[in-house]
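K.L.:
My structure is below; once you've seen it, I'll send some questions.
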Amino acid sequence: MSALSGRRRWTVGRVAHRLAVAVLVLWLVAPFAWMVVYSVYPSTNLRATPMSFDPGDLTLTEYADLLSDPSFLLPMRNSAVVGAATTVLCMLLGSLAAYSISRFRFRGSQTLLLSMMTVQAIPAIVLAVPLFVLMRDFGLYDTLVGLVLTYAAFILPLVIWMMVSFFDSIPVNLEKAARIDGCGRLGVLRRVVLPLSGPGFAATAIFAFITAWSDFFLAKILTGPDAETLPVRTASFQGLFAMDYTAAATAGVITALPVLALALVAQRWIVQGITEGAVKG
Amino acid sequence: MAVRSGRSAIERGDRRFALLAATPAALTIAALFVYPLGYAVVLSLYELNDKRPAATRVVGLANYLQLLGDEKFLASLARTGVFCLFTVFGGVALAVGLGVLLNQPFRGRLAARVLLLVPWAVPPVVNGIMWKLVFDGSYGVANSVLMTLGIVDHRVQWLAVPDLTMGVLVFAELWKLTPFLTLMVIASLQSIPASMYRAASIDGAGSWQRFWRMTVPNLRGTIMFLLIVQSMWSIKVFDSIYVLTGGSGGPAGATTTVNFLAYLTTFSYLDRGYGAAMSIAIMVLVAVVTAFWVLVLGRRGKEASR
């Protein structure tokens, strides 16, 4: 009896479930995998009928070409700098503001928190022309500084929203104890609160980085040749009528790989961050 | 007395610290978000076309009135409606289904959930390129597969036929957004106690009944949240349209949703004032749709819990 129930039989329902999971996994992975295939085979192989996947034809020529092309390396460097700087700025200003909202009720703190969510609803297109004019007037058009500041303004609301919910879940008594032991207000934040919100902090920082790295619209409007970012450069590989598929696929893989790797390495934190946000909302 | 004044000194210090700590973030957001927003409102009251700079003048609400009779704008609204219908309802329904699927115990469940992060992490521009490789009319793998299976007998020009292009766009967006929605659904499903399901099946409820009577009502809050955020994202869609259609919103304007039309108006036709009015109309549209979901689902929720 117990042996029978221990090993569950393969019922029709179970088989259907596993099949559905298999289809799902294929759906999640195949499109990206196909782009990788496109980037390592000569296009003639993929355009033949039937397609030829001869391992002897595998080549990294396109990667070598792109990674030695200054007009591709500059956007790569720009994206890395902008992504890192935006994340640092957002986490610094964001944790300070979130801590202040979470711990000290001051006039306007709730309004401030609510406005954070409202900001999410505003489409970037509304701000495109004003931001362009603003950046031009301050000499920040087509500079990394201009882009970092703009991203910070767009990403900060989400960072503050997330950090407030993490801070709210940390008991205040710990901080009181630290204060009695002679820790200053900033010291409490740095030594007690931030270490305790570790996973939440990491998840929020990764959100900030991925958002800044992936943005296309604002970068397209606020940059020229100097501060061009990777998504803008990558998008330029496709034209209306002609497209160099191998180059586009390679640029696509290079653009996606850093954030993809980051997401998969930090998956536990990210899922936890999403989970806590969802349970709260 | 001395104790009281001591405490208030700490309180005063707290307040000063709180304000100081919140100021840099508030200033950044004010300078680069609130100020431009006000600027955009003012801009929308002007006739300002960079092709005819001499004709610049204040026109008040004329731009907004013009929107109401602008066939291109109304057509783009209709397209946005169609796109939202498929991506919002399709995305959320799919997410609930996939969430339930991935909430059953099976070996490799964790790995399957982690893979949900792949589409979420892929930048939208890369998403566009990916699907362009799949749906290219001449060399795309979609045609090769469909022809091998005998489903079609010629190469389909996916990105040259208006309805098909919209279909590809919906498909690409669903790939990108559904996994994230699914993660939210799974998070919410995990908060439903398993004992409830056991009790229900002991009482003789089938899996279909359990789904409709227990899972869906427990997900109500999450579903409302997902409908709201997905509506926001769908109305704002831009990157994948740009990449899939080579920046044209074509073929023949078939994928020019309202957000893309505002972009074209502002940056291709250089009609800054009218473009500003259009983008503010989009903002209002987002607000109205959000309010609609809150009112409709919020009230139903109250009725159900009564």
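Here, each number is a calculation from the coordinates, and none is a lab measurement. Nothing here was measured: the structure is a model prediction, and the numbers come from that model. So basically every Cβ, Gly included, is an ideal-geometry build from the backbone, and we count neighbours across all protein chains shown.
K.L.:
Return the calculated 222 nm mean residue ellipticity for chain A, to the nearest 500 deg cm²/dmol, obtained by summing -39500 (n - 2.57) across DSSP H runs with n ≥ 4 and dividing by the residue count.
P.N.:
Taking each H run of at least 4 residues, the total per residue is -23500 deg cm²/dmol.
K.L.:
Can you tell which of A:Val29, A:Thr49, A:Ala16 lies farthest toward the positive end of the dipole of the stretch A:2-59, using +1 and -1 charges on the Cβ of basic and acidic side chains (Lys, Arg; Asp, Glu)?
P.N.:
Highest projection toward the positive end goes to A:Ala16.
K.L.:
If the limit is 21 Å between Cα atoms, which of B:Lys72/B:Lys176; A:Lys220/B:Lys236; A:Lys220/B:Lys72 go over it?
P.N.:
B:Lys72/B:Lys176; A:Lys220/B:Lys72
K.L.:
Please compute the modelled spin-label separation between A:Arg18 and B:Asp14, points set 7 Å along Cα→Cβ, answer in nm with one decimal.
P.N.:
In this crude spin-label approximation the distance works out to 5.9 nm.
K.L.:
Could I ask something else about it? Using +1 at the Cβ of each Lys and Arg and -1 at the Cβ of each Asp and Glu in chain A, identify which of A:Ala152, A:Ala256, A:Ala235 lies farthest towards the dipole's positive end.
P.N.:
Of the listed residues, the answer is A:Ala152.
K.L.:
Under a Cβ-only charge scheme (Lys and Arg +1, Asp and Glu -1), can you give me the dipole magnitude of chain A about the Cα centre, in debye to the nearest 20?
P.N.:
Taking the Cα centre of chain A as origin, the dipole is about 1600 debye.
K.L.:
Rounded to whole Å, give me the distance from the Cα center of the stretch A:144-211 to that of the stretch B:38-74.
P.N.:
42
K.L.:
Let me ask something else. If each Cα of chain A is one equal point scatterer, what is log10 of I(q)/I(0) from the Debye formula at q = 0.08, 0.16 Å⁻¹?
P.N.:
The Cα Debye sum returns log10 ratios of -0.50, -1.25.
K.L.:
Take each complete run of DSSP H in chain A, measure how far its Cα atoms stretch along the helix's own axis, and keep only those covering 27 Å or more with mean Kyte-Doolittle hydropathy at least 0.5; list them.
P.N.:
Membrane-span-like by this criterion, though nothing is claimed about a membrane: A:12-40, A:70-103, A:144-168, A:245-265.
K.L.:
If you count, for every residue in A:26-39, the Cβ atoms of partner chains within 10 Å of its Cβ, what is the mean?
P.N.:
5
K.L.:
So what is the calculated 222 nm ellipticity per residue for chain B, using -39500 (n - 2.57) for each DSSP H run with n of 4 or more, over all residues, to the nearest 500 deg cm²/dmol?
P.N.:
Computed mean residue ellipticity for chain B: -22000 deg cm²/dmol.
K.L.:
For the stretch B:159-225 and the stretch B:88-150, what is the separation of their Cα centres, given in Å?
P.N.:
16
K.L.:
Follow-up. Where does each of B:170-177, B:85-92, A:42-49 land if you order them by average Cβ count within 10 Å, highest first?
P.N.:
Top of the packing list down: B:170-177, B:85-92, A:42-49.
K.L.:
A follow-up question, please. Within 10 Å of each residue's Cβ, count the other Cβ atoms and sort A:Val193, A:Val159 from fewest upward.
P.N.:
A:Val193, A:Val159
K.L.:
Further, regarding this structure: Within 10 Å of each Cβ in peptide B:108-118, how many partner chain Cβ atoms are there on average? Round it to a whole number, please.
P.N.:
Rounded to a whole number, the mean comes out at 5.
K.L.:
Suppose R0 equals 35 Å. What FRET efficiency, 1/(1 + (r/R0)^6) with r the Cβ-Cβ distance, do B:Gln209 and A:Asp57 give to the nearest 0.05?
P.N.:
0.05
K.L.:
Choose one of B:Asn143, B:Pro179, B:Val82: the residue whose Cα lies farthest towards the positive end of the charge dipole of the stretch B:44-305 (beta-carbon charges +1 Lys, Arg; -1 Asp, Glu; about the Cα centre).
P.N.:
Positive-most Cα among the choices belongs to B:Pro179.
K.L.:
Something else now. At a 10 angstrom cut-off on C-beta neighbours, averaged per residue, how do the peptides A:209-222, B:209-222 rank from highest to lowest?
P.N.:
A:209-222, B:209-222
K.L.:
Per-residue mean of other chain beta-carbon atoms within 10 angstrom of the beta-carbon, peptide A:130-140?
P.N.:
Per-residue shielding by partner chains comes out at 3.
K.L.:
Kindly put B:Tyr197, B:Tyr242 in sequence by how many other C-beta atoms sit within 10 Å of each C-beta, fewest to most.
P.N.:
Taking fewest neighbouring Cβ atoms as first place, the list is B:Tyr197, B:Tyr242.
K.L.:
Just to be sure I understand the model, the point goes 7 Å from the Cα along the line to the Cβ. What's the resulting B:Asp153 to B:Ile192 distance in nm?
P.N.:
4.8
K.L.:
Give or take rounding to whole Å, what are the principal axis extents of the alpha carbon atoms in the stretch B:156-244, in descending order?
P.N.:
55, 27, 15
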